[in-house]
Amino acid sequence: MISRLPLLSAAQCDEIVATLDRLNWADGLAPGKLYRERVKGNKEIAYQMSPQTAPADELIKHINDAIMGSSHIRTRMFPKSMVNPRFNLYCDGGFYGPHADSAFLGDNRRQVRTDYSMTLFLTEPDSYGGGELRLTYPSGEEMRLKEPKGTLLFYPSGVMHEVLPVTAGRRIAFVGWVESHIQSQQERDLLTEITTLCDDMMADESLALTEFHTRALNVKHNLYRMWWKGQ
Ligand SMILES: [Fe+2]
């Protein structure tokens with residue numbers, strides 16, 4: 001399931017980009033020179049990358065709070081923790097070729113399973129050429145996504161994806177990976193459906209807290225009891 005929601009205002013995005021413009025971008029993190037040449041040709045500012053990029057850490061904390069505080073996200077991703085948050089910049093032909101995200105990210109002390117990959121667009125789609133996020137499914141079906149600034153897009157990390165070369169302008173985005181409390185996509189989809197069903201019933205005065213609503217709530221809570229992993 002691909003999901004999108006407006007997370008930040010245009011003004012908030014402009015403020016973030018203005019802060020990033022005062023910092024130094026590094027070559028995107030890659031496992032070796034060959035990978036950088038063939039697969040990943042972008043720039044990044046990562047969380048706690050260096051004392052010089054410290055202002056970005058505050059921005060990342062705010063974005064993390066906005067993501068974790070969103071009820072839309074809580075009822076779809078069931079986020080447990082986020083890992084490797086960073087800003088990235090694509091310009092002058094910058095690209096990230098077709099790749100598979102690692103199943104686990106983190107460091108020696110803490111590894112996080114990547115259930116969802118997120119992209120928060122921070123520059124307007126018509127301000128740069130190319131730069132579509134392309135998802136390719138095993139069936140061969142593909143999607144090309146280029147969202148308005150402030151929009152957060154999240155998709156299952158197991159889908160092959162890439163960022164097409166940016167031929168003009170600058171594509172700046174925030175990216176991060178999330179481990180979900182619910183490992184199975186099918187279970188997540190069912191929990192989303194029963195949760196939104198219960199919420200919709202609560203919002204309808206003729207249905208709210210009737211016996212039917214209460215029974216639906218009971219099913220919902222029992223499914224959470226069965227499938228929820230971790231605190
Ligand atoms: Fe990726």
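The values are calculated or read from the model by the stated rules, or taken from the named source; none is laboratory data. Since the model is a prediction, treat every value here as computed from it, not as a measurement. As a convention, Cβ positions derive from the backbone with ideal geometry for all residues, glycine included, and neighbour counts pool all protein chains shown.
The table for this structure:
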read-out: Failed item in (1) more than 13 Å from the ligand (Cβ to nearest atom); (2) in contact with a helix residue (DSSP H, G or I) (Cβ under 9 Å, 6 or more places away or on another chain), with Met118 passing the rest; value: (1)
read-out: Residues being at pLDDT 95 or above and either under 26 Å from Asp21 (Cβ atoms) or of a type in the set (S, T, N, Q) (or both) - total across the range 97-123; value: 8
read-out: Every residue from the range 83-132 that is over 15 Å from Lys149 (Cα atoms), in a loop (DSSP other than H, G, I, E, B) and not small (Gly, Ala, Ser); value: Cys91, Asp92, Asp101, Asp107, Asn108, Arg109, Arg110, Thr114, Asp115
read-out: Selection count, the range 155-174, where residues are crowded, with 16+ Cβ neighbours inside 10 Å and away from the ligand (no atom under 12 Å from the Cβ); value: 8
read-out: Residue match in the range 55-63 (condition: within 13 Å of the ligand (Cβ to nearest atom), more than 22 Å from Met143 (Cβ to Cβ) and either assigned by TED's automatic domain parsing to the domain that holds Gly169 or touching a His at 6+ places or on another chain (Cβ under 7 Å) (or both)); value: no
read-out: Thr75 vs. criteria polar (S, T, N, Q), surrounded by 13 or more Cβ atoms within 10 Å (Cβ to Cβ) and within 16 Å of the ligand (Cβ to nearest atom); value: no
read-out: Strands (runs of 3 or more DSSP E) fully within the range 146-192 counting 1 or more residues that are under 27 Å from Trp227 (Cα atoms) and β-branched (Val, Ile, Thr); value: 171-180
read-out: Failed criterion for Thr136 (all others in (1) in the same structural domain as Ile60 (by TED's automatic domain parsing); (2) surrounded by fewer than 18 Cβ atoms within 10 Å (Cβ to Cβ); (3) in contact (Cβ under 8 Å) with a residue 60 or more places away in the chain hold); value: (3)
read-out: Unmet criterion (only one of (1) over 15 Å from the mean Cα position of the chain (by Cα); (2) over 22 Å from Ala30 (Cβ atoms); (3) touching a residue at least 12 places away in the same chain (Cβ under 8 Å)) for Glu58; value: (3)
